[in-house]
Amino acid sequence: AASRVEGKNANILRSIRTELAPGIPVLVVFIRHRTKKNEWLAILSTDLTLTIEEVIQIYSMRWDIEVFFKCAKSLLRLQKEFQGLSYDLLVSHTTIVFSRYILLAWQHRQSTDHRTLGGLFYLLCDEVSTLDWVVALQQLIELINEVATKASKKISKLIKSQLQQWIAGLPSFLKAYLPISSCEV
């Protein structure tokens with residue numbers, strides 16, 4: 001029988017320590033679904049040193065990662081936008097897609113969430129005052145252009161083509177911050 005969990009969080013229904021068929025000890029935590037109060041979710045952990053709250057926290061972080069990859073694949077077209085077989089081209093494309101996601105997530109957070117980014121915020125305070133995201137984006141584009149000029153003609157053409165596609169895919173409010181000269185790769 002699963003024991004009832006005492007504490008402040010009413011969404012944690014019960015927990016139980018048991019063993020899987022091959023003899024692996026596990027902790028199973030039953031929690032209430034956030035939006036559908038009559039449904040529940042069972043989270044299984046093989047790390048018995050974790051508290052129930054830590055199991056839930058780790059699961060929520062994992063879920064955020066799953067959402068990130070879903071967004072990268074479907075909304076930002078990670079798989080379909082570019083078909084290349086070279087490892088370097090795949091890394092470059094993935095970097096551009098992830099940069100898109102970071103910009104969109106940052107913009108969303110700026111408009112909806114007034115919390116800071118924890119310790120990272122304090123570590124970067126000095127740099128933030130001297131370098132805003134518009135300047136950083138412009139410097140990134142300049143760096144990519146510089147790399148393209150030093151590469152072979154074929155690679156240079158590919159880099160410039162990818163950069164033009166990336167800039168063309170940016171939302172108009174981000175394009176407005178880029179000088180025309182940077183957009184003309």
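Quick rundown of the values:
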| item | result |
| --- | --- |
| Condition check for Leu90: open to solvent by 70 Å² or more (accessible area, probe 1.4 Å), closer than 30 Å to Ser161 by Cβ, assigned to a loop (DSSP other than H, G, I, E, B) and without any contact (Cβ under 8 Å) to a residue 40 or more places away in the chain | no |
| Verdict on Phe121 being of a type outside the set (A, V, I, L, M) and either surrounded by 12 or more Cβ atoms within 10 Å (Cβ to Cβ) or at pLDDT 75 or above (or both) | no |
| Test: Leu85 is aliphatic (A, V, I, L, M), open to solvent by 50 Å² or more (accessible area, probe 1.4 Å) and either more than 24 Å from the chain's Cα centre (by Cα) or more than 15 Å from Leu13 (Cα to Cα) (or both) | yes |
| Qualifying residue in the range 93-110 (condition: modelled with pLDDT of 80 or more, in a helix (DSSP H, G or I), in contact with a Lys or Arg (Cβ under 9 Å, 6 or more places away or on another chain) and open to solvent by less than 40 Å² (accessible area, probe 1.4 Å)) | no |
| Counted residues, the range 8-57 - those being of a type in the set (Phe, Trp, Tyr) and open to solvent by 80 Å² or more (accessible area, probe 1.4 Å) | 1 |
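Residue by residue, here is whether (1) part of a strand (DSSP E or B); (2) over 30 Å from Ala105 (Cα atoms); (3) of a type in the set (Asp, Glu) holds:
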| site | (1), (2), (3) |
| --- | --- |
| Val28 | yes, yes, no |
| Ile31 | yes, no, no |
| Lys37 | no, no, no |
| Leu41 | yes, no, no |
| Glu53 | no, no, yes |
| Met61 | no, no, no |
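The values are calculated or read from the model by the stated rules, or taken from the named source; none is laboratory data. No experiment lies behind these values; they were computed from the predicted model shown. When we count neighbours, we look across all protein chains shown, and the Cβ atoms used for this are built from the backbone with ideal geometry, even at glycine. Note: areas computed on protein heavy atoms with side chains; ligands, DNA, RNA excluded. Shrake-Rupley method; radii C 1.70, N 1.55, O 1.52, S 1.80 Å.
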